[in-house]
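What follows is a single structure, written as structure tokens, with notes after it.
The values are calculated or read from the model by the stated rules, or taken from the named source; none is laboratory data. Source: prediction; values computed, not measured. All Cβ positions, even for glycine, are placed from backbone atoms using ideal geometry, and neighbour counts span all protein chains on display. What goes into the accessible areas is simple: the full protein's heavy atoms, side chains included, and nothing from ligands, DNA or RNA. Shrake-Rupley method; radii C 1.70, N 1.55, O 1.52, S 1.80 Å.
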Amino acid sequence: MEFAFTEEQAMIRESAAGYLQNISTSADVRRVMSTEQGYDPGVWSGLCRDMYWQALHIPEAYGGLGLGYVELAIILEEMGKRLFCSPFLSTVALGVNALLVVASEEQKQRWLPEIAEGRSTVSLGFISSEDTQENRQWGSASVQSHARKEGDGYVLSGSWHYVSDGHTANVLILAAREKGVSIEDGIRLFVIAGDQDCIKRQWTPTMDQTRKLARVDIDGLFVSADCCLGGEESAGWPALEKVLQLSSIASAAEQLGGARQVMDLTIDYTQERVQFNRPIASFQAIKHRAADMMLQVECATSAVYYAACVADEYLSERSNTAGDSSKISDELLQAASLAKAYCSDTFFHCAAESIQLHGGVGFTWEYDPHLYFKRARSSEQFLGAGDLHRERIASQLLDSSAARSDV
Amino acid sequence: MKISFSPEDEVFRREVADWLKENLCGEFEQLRFRGGPGDEHRYPEERKQWEQHMAQAGWLCVGWPQDYGGRGLSINQQVIFNEEYARAGGPGHMGHIGEGLAGPTIIAFGTKEQKQRFLPGIVNGTEYWCQGYSEPSAGSDLANVKTRAVLNTEQGRWEIHGQKVWTSLAHEADWCFVIARTEPGSQGHKGLSFLLVPMDQMGVTVQPIEQLTGTSEFNEVFFDQAVTDAANIIGKPGDGWKIAMALLGFERGVSTLGQQMQFKNELDDIIRIAKTNGAAEDPAIRQRIANAWIGLRIMRYNALRMLSGEQDGALRQEAMIYKLHWATWHAELGKLAMDVLGPEAELLDRGPYELTRLQSLFLFTRSDTIYGGSNEIQKNIIAERALGMPKEPKITR
Ligand SMILES: Cc1cc2nc3c(=O)[nH]c(=O)nc-3n(C[C@H](O)[C@H](O)[C@H](O)COP(=O)(O)OP(=O)(O)OC[C@H]3O[C@@H](n4cnc5c(N)ncnc54)[C@H](O)[C@@H]3O)c2cc1C
């Protein structure tokens, strides 16, 4: 046990911070967020070429860097600080993880290298119910698109909602189920090229403009059997659930960065702003609120990097295929829900405090707090907000027969 | 960055667990899960005996260097030891002020003679300590200490006059470390010294204070012509403040992990009750239980962070928030316990005022956010030292 960053990890953070500082200023964010595409293709391909972050945790066998989840979390935290607008989260957290966890060896060979080389962005769509109560659970019941077996393939139909970067992704991974099969059974993931005439992809404008969502509609698209990730016998929902847990950890890392940055810029502001002949930072009411923010941000840091370590153990065990799983990788569900719940609340709290402590200027378009506030809100919702993840934990603690708080 | 333990550490884990299983039984069985927060006044004699029993097998002060009688365990092994101790229901240490505060201070700042004189009593579980910091007019404002000490060179001893208050376990202690003003007319941080004073003497009177729990874990301590040998000063006269502050840093060491495991036992109790009495069905309670679990896990991660990396004594961010986090969390847990019990929470174990364990928890956790630097003081420190915000304006007395 050594729960501290290595020197190499500290260097990765430093170089990421330096790089992002140049490509994602407030002006950059504002320019890009007002476009439909939602990112600057030149900046993105430059990043893929110079930094190779898209390939960060893809194993070397598929042309990736073969680094771990802690390194990934570091990059995401730094991106979160800068509200970096890019298809990184959807490509790496959703796309790459889905391929790593669910795809067969041939499918990995087929898809991972082109992602590693920066030629393809990816997204994952699974929420496809028309029932908003089902959708707000981000669970298996929200998968209501259909995949019908036909010949040596499947026919896909459905409407996928809230697909991040779904309108621009070169590759789409879509969850669908056999018609009439209930709850968790019969769910499969299909990987297809995004740019096809019979796929209707529509950008859905959002309150948080730094992250783009789309709706994807398909009405009877035939896909060959090798598009089904992991094949006929794949683990279905339980496998997808693991992907979503890994993604939750990634999202939490990005939230952590947002929270830390919005806290820092707020404290800087309180040091500059003078009222009653003193910087407002000298008022204890403000100092104590700053201290509360710092407590949450530090706790969020611990939660994210612990969860990243768990994700690391989980992914490396999968690739070793040794079979017997350690205690630590069994913690994936809890670690992910813990990190996502805590970071969602922390980011929202800090961003809301930011507006309050800025006073009137905090309520303007010109100042940045609203950008963080809106990102906090959208990322909180993504993959389920605090309440949902706490309920998942509660269910582990309270609904099993043995009371074990260390499960 | 790595969170798993090595196979050798896991072997050590079994060794600890086995020893506890074979020893924490028989006459000591009744002590299991006792003596924790809110229960510190229970079984004092039996717990001292248990500590002496542990000492014989070398299980006290396990993190101290072997030169000072410790076991010299690595940080990872200390983590494991504390986890296993609490998992087995090991009772709260009567000697925790000696082991956690006095001892490390003597190791860090004491002379060779002081180490030889005082460390064995702590390692063997034969000498117990209390902390004489707070006074009626020096609480949060600790530098306002008024207790005086004068060096009587003829007799070769310090003579002490004044009063301490809220002194935990003073009635069980053999020694007290006292912050006293040794420079007449000095004010604030200056002119203070750190003295080691024997409790068993004419000049020391211990008066229990009844707490809101109806029990008396803390006391008033009066020094009236109390004496201690001239050699019983840590550092030089005037170093008192520096040493007093360094000591507070030791509170954030490995022992926090043992404390956490006690918290875990409490949370487990609450979960068990919720599952049997139906509270587990209540969506609001479910959220709060999950939240408590999250807070406790994060406390563990924070502690692992504190214990990893450079141990240079500098307080890093995660160490600065540690006390505020656990104290606030624990007070919320106490309230959660009552809410899970519902109306049952009101009923005493027995009259006239015998509290149940969870009632004690509920009431006692109100002190966690006060002692050892209240929440408000913690927030001042975080804002000023970690975030660089302006200091409180000083008003001259
Ligand atoms: C159970 C228990 C055990 C204890 N054991 C010991 C012991 O063994 N040895 C020992 O020396 N002491 C001990 N103490 C004393 C403890 O350290 C003090 O109670 C504590 O430092 C607070 O001091 P006070 O009680 O004088 O409160 P005060 O300092 O008077 O504080 C009263 C309130 O004012 C707030 N306040 C004070 N200053 C500020 C400020 N600058 N800004 C904002 N708010 C402020 C405080 O947070 C608190 O809410 C113990 C206390 C308790 C409750």
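The numbered conditions (1) away from chain B (no Cβ under 11 Å); (2) buried (at least 24 other Cβ atoms within 10 Å of the Cβ); (3) acidic (Asp, Glu) are all true for A:Asp312 except (1). The set of residues in region B:134-165 being out of contact with any Asp or Glu (no Cβ under 8 Å at 6 or more places or on another chain) and within 16 Å of B:Ile97 (Cβ to Cβ) consists of B:Ser134 alone.
Residues are listed down the side, and each one gets a yes or a no for (1) closer than 21 Å to A:Val122 by Cα; (2) in contact (Cβ under 8 Å) with a residue 24 or more places away in the chain; (3) open to solvent by 50 Å² or more (accessible area, probe 1.4 Å); (4) not assigned by TED's automatic domain parsing to the domain that holds A:Gln245:
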{"position": "A:Leu20", "(1), (2), (3), (4)": "no, yes, no, yes"}
{"position": "A:Ala27", "(1), (2), (3), (4)": "no, no, yes, yes"}
{"position": "A:Ser34", "(1), (2), (3), (4)": "no, yes, yes, yes"}
{"position": "A:Ala61", "(1), (2), (3), (4)": "yes, no, yes, yes"}
{"position": "A:Met79", "(1), (2), (3), (4)": "yes, yes, no, yes"}
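Within region B:311-348, the set of residues being modelled with pLDDT of 95 or more and farther than 20 Å from B:Met261 by Cα comprises B:Met338, B:Asp339, B:Val340, B:Leu341, B:Gly342, B:Pro343, B:Glu344, B:Ala345, B:Glu346, B:Leu347, B:Leu348.
Is it the case that some residue within region B:382-394 is away from the ligand (no atom under 16 Å from the Cβ) and in contact (Cβ under 8 Å) with a residue 12 or more places away in the chain? Yes, that holds for at least one residue.
Taking the stated definitions as given, is A:Leu246 open to solvent by less than 10 Å² (accessible area, probe 1.4 Å) and outside the structural domain of A:Ala335 (by TED's automatic domain parsing)? When the stated conditions are applied, A:Leu246 does not pass them.
Within region B:369-380, being more than 6 Å from the ligand (Cβ to nearest atom) and either of a type in the set (S, T, N, Q) or within 8 Å of chain A (Cβ to nearest Cβ) (or both) holds for B:Thr369, B:Asn375, B:Gln378, B:Lys379.
Residues in region B:349-362: is at least one within 14 Å of another protein chain (Cβ to nearest Cβ) and either open to solvent by 100 Å² or more (accessible area, probe 1.4 Å) or not hydrophobic (A, V, I, L, M, F, W, C) (or both)?
No.
Picking from residues in region A:205-224 that are surrounded by fewer than 19 Cβ atoms within 10 Å (Cβ to Cβ) and under 24 Å from the mean Cα position of the chain (by Cα), the one that is farthest from A:Ile192 (Cα to Cα) is A:Met207.
Taking helices (runs of 4 or more DSSP H) that do not extend beyond region A:328-407, which have at least 2 residues that are in contact (Cβ under 8 Å) with a residue 60 or more places away in the chain and among the hydrophobic types (A, V, I, L, M, F, W, C)? Even if it seems obvious, please write down each step before you answer.
Values: elements: A:332-358, A:369-381, A:386-398.
It comes to A:332-358, A:369-381.
For region B:186-303, which fully contained strands (runs of 3 or more DSSP E) count at least 1 residues that are touching a helix residue (DSSP H, G or I) at 6+ places or on another chain (Cβ under 7 Å) and open to solvent by less than 10 Å² (accessible area, probe 1.4 Å)? Break it down stepwise before answering.
Details: elements: B:192-198, B:204-208, B:218-229.
Because the criterion is at least 1 residues that are touching a helix residue (DSSP H, G or I) at 6+ places or on another chain (Cβ under 7 Å) and open to solvent by less than 10 Å² (accessible area, probe 1.4 Å), the strands (runs of 3 or more DSSP E) in region B:186-303 that meet it are B:192-198, B:218-229.
If only one of A:Glu241, A:Glu298, A:Glu272 is away from the ligand (no atom under 16 Å from the Cβ), over 20 Å from A:Val361 (Cα atoms), open to solvent by 30 Å² or more (accessible area, probe 1.4 Å) and not assigned by TED's automatic domain parsing to the domain that holds A:Val143, which one is it? Walk me through it before giving the result.
Working: A:Glu298 fails: open to solvent by 30 Å² or more (accessible area, probe 1.4 Å); A:Glu272 fails: over 20 Å from A:Val361 (Cα atoms).
Unique residue meeting the criteria: A:Glu241.
Beta carbons closer than 7 Å, at least 6 apart along the sequence or on distinct chains, pair a first residue in region B:138-149 that is at pLDDT 95 or above with a second that is in a helix (DSSP H, G or I) and within 11 Å of the ligand (Cβ to nearest atom) for B:Ala138/B:Asn144; B:Ser140/B:Ile377. For A:Ile280, the conditions (1) open to solvent by less than 10 Å² (accessible area, probe 1.4 Å); (2) more than 9 Å from chain B (Cβ to nearest Cβ) are fulfilled apart from (1).
Every residue, every condition in (1) away from the ligand (no atom under 16 Å from the Cβ); (2) in a helix (DSSP H, G or I); (3) open to solvent by 10 Å² or more (accessible area, probe 1.4 Å), yes or no:
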| site | (1), (2), (3) |
| --- | --- |
| B:Cys130 | no, no, no |
| B:Ala143 | no, yes, no |
| B:Val165 | no, no, yes |
| B:Ala180 | no, no, no |
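Quick check: is even one residue across region B:77-85 within 16 Å of the ligand (Cβ to nearest atom) and more than 24 Å from B:Glu29 (Cα to Cα)? No, the conditions are met nowhere in region B:77-85. From the list A:Ala339, A:Ala351, A:Ala376, the one residue that fits, being surrounded by 17 or more Cβ atoms within 10 Å (Cβ to Cβ) and more than 24 Å from A:Val70 (Cα to Cα), is A:Ala351.
Residues that are open to solvent by less than 80 Å² (accessible area, probe 1.4 Å) and not hydrophobic (A, V, I, L, M, F, W, C) were ranked within region B:145-156; the one that is farthest from the ligand (Cβ to nearest atom) is B:Gly156. Scoring B:Pro120 on the criteria (1) more than 16 Å from the ligand (Cβ to nearest atom); (2) part of a strand (DSSP E or B) leaves a single failure, condition (2).
Listed here are the helices (runs of 4 or more DSSP H) enclosed by region B:1-108 that have at least 1 residues being within 14 Å of chain A (Cβ to nearest Cβ), open to solvent by 10 Å² or more (accessible area, probe 1.4 Å) and under 25 Å from B:Leu267 (Cβ atoms): B:7-23, B:75-87.
Looking across region B:348-368, the residues that are within 14 Å of the ligand (Cβ to nearest atom) and among the aliphatic types (A, V, I, L, M) come down to B:Leu361, B:Leu363.
The condition of being open to solvent by 10 Å² or more (accessible area, probe 1.4 Å), without any contact (Cβ under 8 Å) to a residue 12 or more places away in the chain and either of a type outside the set (Asp, Glu) or touching a helix residue (DSSP H, G or I) at 6+ places or on another chain (Cβ under 9 Å) (or both) holds for only one of A:Gly180, A:Gly186, that being A:Gly180. When you look at A:His288, is it within 13 Å of another protein chain (Cβ to nearest Cβ) and crowded, with 24+ Cβ neighbours inside 10 Å, yes or no? In short, no. Against the list (1) within 14 Å of chain B (Cβ to nearest Cβ); (2) open to solvent by 20 Å² or more (accessible area, probe 1.4 Å); (3) under 28 Å from A:Ser378 (Cβ atoms), the condition A:Leu256 fails is (2). How many residues, within region B:304-324, are open to solvent by 20 Å² or more (accessible area, probe 1.4 Å) and within 7 Å of chain A (Cβ to nearest Cβ)? Residues meeting the conditions: 3. Residue pairs whose Cβ atoms lie under 6 Å apart, sitting 6 or more positions apart in sequence or on different chains, and linking a residue in region A:131-142 that is closer than 17 Å to A:Leu174 by Cα to a partner that is open to solvent by 90 Å² or more (accessible area, probe 1.4 Å), are A:Ser140/A:Ile183.
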